[in-house]
1. What residue, among those in segment 146-181 that are among the hydroxyl-bearing types (S, T, Y) and modelled with pLDDT of 95 or more, is surrounded by the fewest Cβ atoms within 10 Å (Cβ to Cβ)?
2. Could you tell me whether any residue of segment 266-281 is more than 27 Å from D109 (Cα to Cα), assigned by TED's automatic domain parsing to the domain that holds L86 and either among the small types (G, A, S) or crowded, with 22+ Cβ neighbours inside 10 Å (or both)?
3. In segment 374-393, which residue that is charged (D, E, K, R) and part of a loop (DSSP other than H, G, I, E, B) is nearest to K334 (Cα to Cα)?
4. Kindly provide the set of residues from segment 191-206 that are buried (at least 16 other Cβ atoms within 10 Å of the Cβ) and more than 18 Å from the chain's Cα centre (by Cα), ordered by number.
5. Across segment 51-87, what is the number of residues that are touching a Phe, Trp or Tyr at 6+ places or on another chain (Cβ under 9 Å), outside any helix (DSSP H, G or I) and either of a type in the set (A, V, I, L, M, F, W, C) or within 28 Å of V219 (Cβ to Cβ) (or both)?
6. Which members of segment 88-101 meet the condition of being closer than 12 Å to F248 by Cα and either among the hydrophobic types (A, V, I, L, M, F, W, C) or assigned to a loop (DSSP other than H, G, I, E, B) (or both)?
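The values are calculated or read from the model by the stated rules, or taken from the named source; none is laboratory data. This structure is a prediction, so every number in the text was calculated from the model and none was measured. Neighbour counts run over all protein chains shown; Cβ positions are idealised from the backbone, glycine included.
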Amino acid sequence: MTTNFQDFLSQRTYSMRRNQIREILKVVSQPGMISLAGGIPAPETFPLEELYRLNETVLDRYGAATLQYDMTEGFTPFREALVGYLKAKEITVSADKILVFNGSQSVLDTLGKVLITPGDTVALESPSYLGAISAFSAYEPNYVSIATDDAGILPDALEETLDRQKIKFIYLVTTFQNPTGRTLSASRRRHVAEIVQRHGALVIEDDPYSDLRYRGETVPPFYTFAPENTVYASTVSKVFAPGLRLGFCVAPAVIHEWLYTAKQGADLHSNTYAQALATEYICSGTIYEQVPKIIELYGPRLEAMLAAMDQYMPADYRWTQPDGGMFVWVEGPKGVDAEQIYWQAVERKVAFVPGKYFYINPEEGLATMRLNFTRSDEEAIRKAIATLGAVIRDFKPV
């Protein structure tokens, strides 16, 4: 008898979405491909030489404790190090208010687990981070998109949504947003905070990119405007090493307790050795030496991409002008299908991410694309944009 294992799957399983960007990355590994696709740090930003010293320090200072089971909430010295790291961002919390996870993606998944009842409505920017949509979708919410402009989410659109229906939470990438690179301005953060507080709403602020600022003035996290109504989630992946999978969050007390409980059931605790490495990376001051080096590398790459787009992209295309982060967002004219452009660009050894994957309704984003500038050097970026511009001009719908 042949067993039909499809019958063993839960109903919830069918709500899960495969991350299309991860699928696209399989294509971009082809020889000779210039990838503007993944949101991947450049390997040359990893502090390899410093890691030899950090490893030695970790073993000398903490010994076998770094190889042992540890507390669910996180390695205590790491949480204490994060107190100072967050204070520099104007977030003042004690170590016991911080929870450590295996990457910020795990924070999002666990928030979905403890907050979403099937049928709840989650509000997202339009477009929004695909990884968050993938994480939340397993818990069977409905979604409502909140309109944005070049300064981020539109406060009036948010207020109208909160007035019209019950929203479980609002998910925002407030600084150098993925996918658009946009930053919610300080004045608009204040306005959104007033709306959220007046409605007693909850915001999940995802902040993985704010250290990557190449120009302009620093904007405090949204959390600082409405701490009682915000879960602040972040990571050291973009400024240390994504392979270590270290994320963390600060949440209101009730949510904190349930996140802690859910994490116990999921994985007991996060990688102790990785947390010890990150502790020394912060406490030794290495992070404050490394981030300027990362900015020095990425800043010219962003400028090279923007200059190449001015030179090679058709006049009826427009794009964002981010002050930091990892992405430039491109919008083409109506009637364009960027996924068809993608496949024709891949044939000419250039890859990007079609923007429709970042929308709840993909039809809204057919003419959009996300370009990453951190992984390739300036000459490769210039070549890729020249090729992409030529592909767009030669584009023949199929």
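1. That would be T161.
2. Yes, segment 266-281 contains a residue that is more than 27 Å from D109 (Cα to Cα), assigned by TED's automatic domain parsing to the domain that holds L86 and either among the small types (G, A, S) or crowded, with 22+ Cβ neighbours inside 10 Å (or both).
3. R375
4. Scanning segment 191-206 gives H191, V192, A193, I195, V196, H199, A201, L202.
5. 2
6. Listed by number, the residues that qualify are A95, I98, L99, V100, F101.
Residue-wise test of (1) of a type in the set (F, W, Y); (2) at pLDDT 80 or above.
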site: T2; (1), (2): no, no
site: F5; (1), (2): yes, no
site: R12; (1), (2): no, no
site: M16; (1), (2): no, no
site: Q20; (1), (2): no, no
site: L25; (1), (2): no, no
site: P41; (1), (2): no, yes
site: E50; (1), (2): no, yes
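Matching residues to (1) surrounded by fewer than 15 Cβ atoms within 10 Å (Cβ to Cβ); (2) within 29 Å of V239 (Cβ to Cβ); (3) of a type in the set (G, A, S); (4) in the same structural domain as A278 (by TED's automatic domain parsing):
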| site | (1), (2), (3), (4) |
| --- | --- |
| L302 | no, yes, no, no |
| M313 | no, no, no, no |
| G325 | no, yes, yes, no |
| A338 | no, no, yes, no |
| I341 | no, no, no, no |
| G355 | no, yes, yes, no |
| F358 | no, yes, no, no |
| L366 | no, no, no, no |
